[in-house]
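Heads up: the structure comes next, in structure tokens.
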Amino acid sequence: MKKLIIFLLLILAFPLNAQQMNYIPSKENVKSREFFNNHRFGIFIHFGIYSMLGNGEWVLENQGLNRDEYSKLAGGFSPANFNAQEWVANIKNAGAKYLCITVRHHDGFSIFRTKYSSYNIVDATPFRRDIIKELADECHKQGIALHFYYSLLDWYRIDYPLGNSGRKNGRIMQEDWDSYYQFMSNQVKELLTNYGPVGAIWFDGWWDHRNDKNFNWQLPELYTMIHGIQPKCLIANNHHQMPYPGEDIQTFEHHLPGEMKAFYSAPGISDKPLESCETMNGSWGYSITDKNFKSSELLIHYLIKAAGVNSNFLLNVGPRPDGCFPDEALQRLRDIGEWLKIYGKTIYETKGGFIPPHNWGVTTQKGDTLYIHILDCQDSTLFLNIKGGRVKKVYKFLGNVPVNYSCPKEGVLLNFGEKPKGLDYVVTLVLNRNK
Ligand code: GLC
């Protein structure tokens, strides 16, 4: 008994940091990871009062705005065309299986009903509607999983211990970690109790204190609470590190697992489900000037390449301040949906194929079936490094037309008779089970 008390006192005196936590995911959580993996495609939504300024979600910080002036935007925030049914239908028709929405971004404004700050969409805007409730209801109705993006850092509150950002917006700080942590923990509890099943919570902003090695976000407590309330809820943290204990997903920002991208890259790829997020133009939040949208073809290639490295693709939409998705985004969502209607079988419920990515494309795999996605091939033949005896049959995914092949000693040579054309020329290769 005495030992136990000493142990508990030690825990209280030296709270665990995330790396030290011992985490064994529950059965439900493991199941939920499987669902998540099978989904392969989700839509990210960045929406908040920053949308009104049409200059991305970092506008408060990037333009050095005054926090009190910025917060007055809330008084005019009224996304009159917001329609949860339409948002979710557009997402569903795009073939996405989940949406992840910024319920509170770095600017500290909550777009959900919360008891713990009046700086929220119900109490501080003329709109007065909890759009997260409306979205949650629609997601549950239309069978789309609901994920929440939640910022750990805050540019509005004065109790948030200042990190690298939010230093020039005119706040008079009264830093108080305990008070700030309590606030976050209360809000996260609300998110997990007021909106039905939550597929995942996606944290961001950890890096605000990356230079302070002693800073303790108390993630183990936060994570334990989340899994305690909803064991199925997966946890992601966009910290660009290898996942900490308690986290269930590894996220990649602006790049695919395995690619290196300076600031954004984690030192490796974990055994957790992977998710790579990317913008449609160059901005997460709505940008009125950025018309540089990636083509539908490029986005579909991104989705295929993500699946080829065993990762989900989380594609962002930044709705306009009136609550509509930009027309360019709608067009791309439709195009991706059309493509997935035909090729979904080669993406959903697959894993990255055993043949690694090449310049010509990637492979995905389900059981004994390998889908060869040829995205760019300059030749009418394609050599694959598989033992000939392993190949049972090879045919074109569209139309089930057999593909000629020969088996030179070192592998298999597919011969299409012409250069593979189109956005994605998919070949199905069925493997012999026991070879
Ligand atoms: C970055 C940005 C943030 C954005 C996020 C999405 O962390 O700070 O604005 O929400 O990436 O991945």
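Quick check on segment 2-351: of the DSSP beta bridges with both residues there, what percent are antiparallel, nearest 5%?
That works out to approximately 5 percent antiparallel.
Report, by chain and number, residues whose modeled amide H sits under 5 Å from the one on residue 234, excluding near sequence neighbours (fewer than 5 apart, same chain).
HN-HN under 5 Å from residue 234: 200, 201.
What accessible area per residue, rounded to a whole number of Å², is obtained for segment 194-265 using a probe radius of 1.4 Å?
36 Å²
Residues of segment 353-431: accessible area per residue at 1.4 Å, in Å²?
With all protein chains present, segment 353-431 gives 51 Å² per residue.
Could you give each residue of segment 212-217 its phi-based ³J(HN,Hα) in whole Hz, using Karplus coefficients 6.51, -1.76, 1.60 with θ = phi - 60°, and x for Gly or Pro?
Result, ordered by residue: 9, 4, 8, 5, 10, 6 Hz.
If I take every Cα pair under 8 Å that is 6 or more residues apart in the chain, average their sequence separation and divide by the length, what percent do I get for the relative contact order?
The normalised contact order for the chain reaches 17 percent.
If the reach is capped at under 17 angstrom between alpha carbons, list the lysines near residue 387, excluding any in the same chain fewer than eight residues apart.
409, 435
Please check: in the Gaussian network model of the chain (C-alpha springs, under 10 Å), which one of 140, 358, 227 has the largest mean-square fluctuation.
The residue that fluctuates most here is 358.
I want to verify a result. In a Gaussian network model of the chain, Cα cutoff 10 Å, which of these has the top mean-square fluctuation: 215, 148, 44?
Result: 215 has the largest fluctuation of those listed.
With θ set to phi - 60° and the Karplus curve 6.51 cos²θ - 1.76 cosθ + 1.60, what are the ³J(HN,Hα) couplings of segment 353-367 in order, to the nearest whole Hz, using x for Gly and Pro?
Karplus values, whole Hz, x for Gly and Pro: x, 6, 8, x, x, 10, 4, 6, x, 9, 10, 10, 8, 9, x.
Write down the Å³ per residue value for the convex hull defined by the alpha carbon atoms of segment 353-431.
Dividing the Cα hull volume of segment 353-431 by its residue count gives 86 Å³.
Take the Cβ-Cβ distance between residue 140 and residue 409 as r, set R0 to 60 Å, and report the resulting FRET efficiency rounded to the nearest 0.05.
So the FRET efficiency works out to roughly 0.60.
With all protein chains present, how much of the accessible area of the chain (probe radius 1.4 Å) comes from carbon and sulfur, to the nearest whole percent?
C and S fraction of accessible area: 52 percent.
Going Cα to Cα from residue 421, which aspartates and glutamates come in below 14 Å? Please leave out same-chain ones fewer than 8 positions away.
Answer for residue 421, where 14 Å is the Cα cut-off: 297, 376, 379, listed by chain and number.
How large is ³J(HN,Hα) for each residue in segment 48-65, as worked out from phi by the Karplus curve 6.51 cos²θ - 1.76 cosθ + 1.60 (θ = phi - 60°), to whole Hz, x for Gly and Pro?
x, 5, 4, 4, 5, 8, x, 9, x, 7, 9, 4, 4, 7, 5, 9, x, 6
Show which lysines lie in cross-link reach of residue 232 when reach means a straight Cα distance below 17 angstrom and same-chain residues fewer than eight apart are skipped.
Within reach: 27, 31, 97, 189, 272.
Which is the longest run of the chain containing none of the GluC sites (Glu not before Pro) found in DSSP loop states (not H, G, I, E, B) with at most 12 other C-beta atoms within 10 Å?
176-409
The values are calculated or read from the model by the stated rules, or taken from the named source; none is laboratory data. Predicted model, so just to flag it, every value in this text is computed and none were measured. Cβ coordinates were reconstructed from backbone atoms using ideal geometry, including for glycine residues, and neighbour counts include every protein chain displayed. Calculation scope for accessible area: heavy atoms of the full protein, side chains included, ligands and nucleic acids excluded. Shrake-Rupley method; radii C 1.70, N 1.55, O 1.52, S 1.80 Å.
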